[in-house]
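The values are calculated or read from the model by the stated rules, or taken from the named source; none is laboratory data. Please read these numbers as outputs of a predicted model, since none were measured by experiment. Cβ sites come from the backbone with ideal geometry, for glycine too, and all protein chains shown count toward neighbours.
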Amino acid sequence: MILEENGPFPPFGVQFSPLENMLPPDQTVSFIMDYPFSPYGRTIEQIYTAQAALVPRILDPLGNQPAAIIFCSDAATADKRLKETGYRLIFPFANGKGIAVKS
Amino acid sequence: MINLALSFILVFMTGFLFIHFLLKKIFFPYPRFLAVILAGPAGFLFASLLLFWSYVLSPINAAGIASLAFLGSVALLTVLYCRHPDISLPVSKPALWIYFFPFANHDSKLSWRTPEFWRCLFLFLFRILLLGLFFYALGIFLRLFLLSMLNNFYGGWDVKFIWHVKAKFFFRDPEQWQGMFSPVFNWTHPEYPLLIPAVVAWGWHWAGKELLIWPPMINGIFALAVPGLIFWYFLSKQRFMTAFLASSFFLLSGVFQFWMYEQYTDIPLCFFYTAAGLLLIQACRFRAVQFFFITGLMAGGALWTKNEGFVFAGWTTLLTGLLIVQRKLRSKAKSFSLSFLAGLSLPLGAFLYQKFMFTPRGEYWGAGHTLQDYFQMIFLDPQKTKIVFQGFAAYLFRNPDWNYLWWFFAAAILYRFWVNLRRRNFGNSQDIAGILTLMALAGYVTVLHISPYEIRMQIDTALIRLLLHASGLATVFAFETFEWVESSPKPASLKSSSAPFQTAHRP
């Protein structure tokens, strides 16, 4: 079983796999989390996992891109972060997650 | 899966044929054993370089170009290897099995009443114990290796979030492979060298999918090669007991075991440091250009694995130059130097191309510092210097996972210094491993001073791994300094080519 691609295990970063079909492979997108990006931040593992799962797309933690993945822990936090970063949610998923564009 | 197995066999074959072909005409003990140890890592090094240059030439066809070039190399090496017969002349090969049966040295039956009988019995039991320790250490290694494949298949933080991300850029969409150098996500260190990512992608290309089993296999081969090299080094000097003791000691190091399980690239780097150091010793011992070439290649492997390897390659080049001058090898100085540089230039070319063309602005390389900045950072920040040395003291001497390796090493350095001072004779081949270890540590003291990261965080997260790089060489130096050379009985007959304690023939 370990000789299969993922064996019996879920693919790495499986939570981000729905996004693969929505983002072109050559696109750089922002990745917005509960807190602004800091190399020593609490939620840093989320962006690392997302980047590893979504290669060859490039994730920009600083919110400089026209499109963004919103990956917050709840809807209220997502709304707060959307306002702070100037994005507008266009494809909302559950629990503060979705895809947004610069408003 | 068959494709992956085939790719692995080809990688191993290439490494073996290349190393053994080079060493065919040098008379030294156990050349095939050395070629087997170096085969995997050398094959991986070639595969990664071929894949990198293929991506530079034509990203879309890179996998095909690299595979074809590799198959061509294997065919060429096979032809060359078969056309030049193996010259295994008067090198006395000490037979390992005789070591474990000291009674075999006696022609006639030994009476149990003689002291020689009891001496042989004691040696027999002691050596069986030694063998038991070795297999115990090897068993622990194999258990951890299997666990890393079955339980920790994604590897540690750096592995899954840095090294394998780069491998995915190679594999998933070759047209977008240069995305790995993007400064946008600089937390994945775009400027890191590409040996491991390229080798991982190489296997995935052959398998046609991102197989979980491949990266731990690469890691395991590098990890096993380090104690293998230590074992071969002492074996080649006919120090059987030290070979078993030193390699077992290294295999039982908690630091080595932990980072092997985590699959960090510090294990391959430890291999290249150890290989470059030990082969440099052999290069000086046998005065053969081939050894200088492989030493350069291994030093180049270090810089193609991690940025730290660049500093080490610099130290190795400096030490090689000094040794050529100091050991009166001037008559062949040019060919020795050129051989070393030729070996080094293969990975160095790829390293420099990556730095200049893809990542000209890195954390260290191209950071925009002037010489004055470096002088200030290294010499005019006493607070930082104090923290760095406190960090070294803590991680070298207060970490129980080393099994007191660095205490042992420090004692060996002091002892060798005292002995050399009394004899007024510095720069013996026995000192090379110690000098390179000290150079590597001094390099890391400097690097920590110019690190852009918060120094305490840097020490907490990286220093133990930096020390691991030089630990193979430190182990060799410490054991060689304090080894107990067994007094061997005179063999009854030296007619047999397998007499255990003959010295190796030097050309």
Q: Take segment B:458-477 and flag every residue that is in contact with a Leu (Cβ under 7 Å, 6 or more places away or on another chain), closer than 21 Å to B:Phe234 by Cβ and of a type in the set (A, V, I, L, M, F, W, C).
A: B:Ala470, B:Leu473, B:Ala474, B:Val476
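Suppose the filter is assigned to a helix (DSSP H, G or I), of a type outside the set (A, V, I, L, M) and in contact (Cβ under 8 Å) with a residue 12 or more places away in the chain; does B:Phe141 pass it?
Taking the combined requirement at face value, the residue satisfies it.
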Q. What helices (runs of 4 or more DSSP H) completely inside segment B:251-326 contain at least 1 residues that are free of Cβ contacts under 8 Å to residues at least 12 places away in the same chain?
A. B:308-326
Q | When residues of segment B:51-68 are limited to those that are surrounded by 22 or more Cβ atoms within 10 Å (Cβ to Cβ) and out of contact with any His (no Cβ under 9 Å at 6 or more places or on another chain), the one nearest to B:Tyr353 (Cα to Cα) | A | B:Phe52
Q.
B:Ala243 - would you say it is surrounded by 23 or more Cβ atoms within 10 Å (Cβ to Cβ) and either without any contact (Cβ under 8 Å) to a residue 60 or more places away in the chain or not in a helix (DSSP H, G or I) (or both)?
A. yes
Q.
Cβ-Cβ distance below 6 Å, separation of 6 or more or different chains: which pairs start in segment B:208-220 with a residue that is within 11 Å of another protein chain (Cβ to nearest Cβ) and end on one that is modelled with pLDDT of 90 or more and not in a loop (DSSP other than H, G, I, E, B)?
A. B:Glu210/B:Trp204; B:Trp214/B:Gly203
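Just to check your reading of the model, which residue among B:Gly203, B:Gly179 is under 30 Å from B:Phe356 (Cα atoms), crowded, with 22+ Cβ neighbours inside 10 Å and in contact (Cβ under 8 Å) with a residue 60 or more places away in the chain? Show your work before the answer.
Working: B:Gly179 fails: in contact (Cβ under 8 Å) with a residue 60 or more places away in the chain.
Within the list B:Gly203, B:Gly179, the selection yields B:Gly203.
Quick check on B:Thr265: is it away from chain A (no Cβ under 14 Å) and of a type outside the set (A, V, I, L, M)?
Criteria met by B:Thr265.
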Q | Scan of segment B:147-180 for residues that are within 7 Å of chain A (Cβ to nearest Cβ), over 12 Å from B:Pro215 (Cβ atoms) and in a helix (DSSP H, G or I), ordered by number | A | B:Leu150, B:Phe161, B:Val165, B:Phe169, B:Arg172, B:Gln176, B:Gly179
Q: Go through segment A:34-89 and give me each residue that's touching a residue at least 24 places away in the same chain (Cβ under 8 Å) and among the polar types (S, T, N, Q).
A: A:Gln46, A:Thr49, A:Asn64, A:Gln65, A:Ser73, A:Thr77, A:Thr85
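Checking the structure you have, find out if any residue of segment B:276-284 is over 24 Å from B:Ser337 (Cβ atoms) and of a type in the set (A, V, I, L, M). Please lay out each step first, then the result.
Residues of segment B:276-284 that are over 24 Å from B:Ser337 (Cβ atoms), as a first pass: none.
Checked against the condition, which is being over 24 Å from B:Ser337 (Cβ atoms) and of a type in the set (A, V, I, L, M), segment B:276-284 yields no hits at all.
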Q | Tally, over segment A:21-30, of residues that are facing another protein chain (nearest Cβ under 9 Å) and assigned to a strand (DSSP E or B) | A | 1
Q. How many residues are in contact with a helix residue (DSSP H, G or I) (Cβ under 9 Å, 6 or more places away or on another chain), outside any strand (DSSP E or B), over 20 Å from A:Pro24 (Cβ atoms) and away from every other protein chain (no Cβ under 14 Å) if we restrict to segment A:41-93?
A. 1
Q) Do we find a residue being under 28 Å from the mean Cα position of the chain (by Cα) and modelled with pLDDT of 85 or more anywhere in segment B:112-127? A) yes
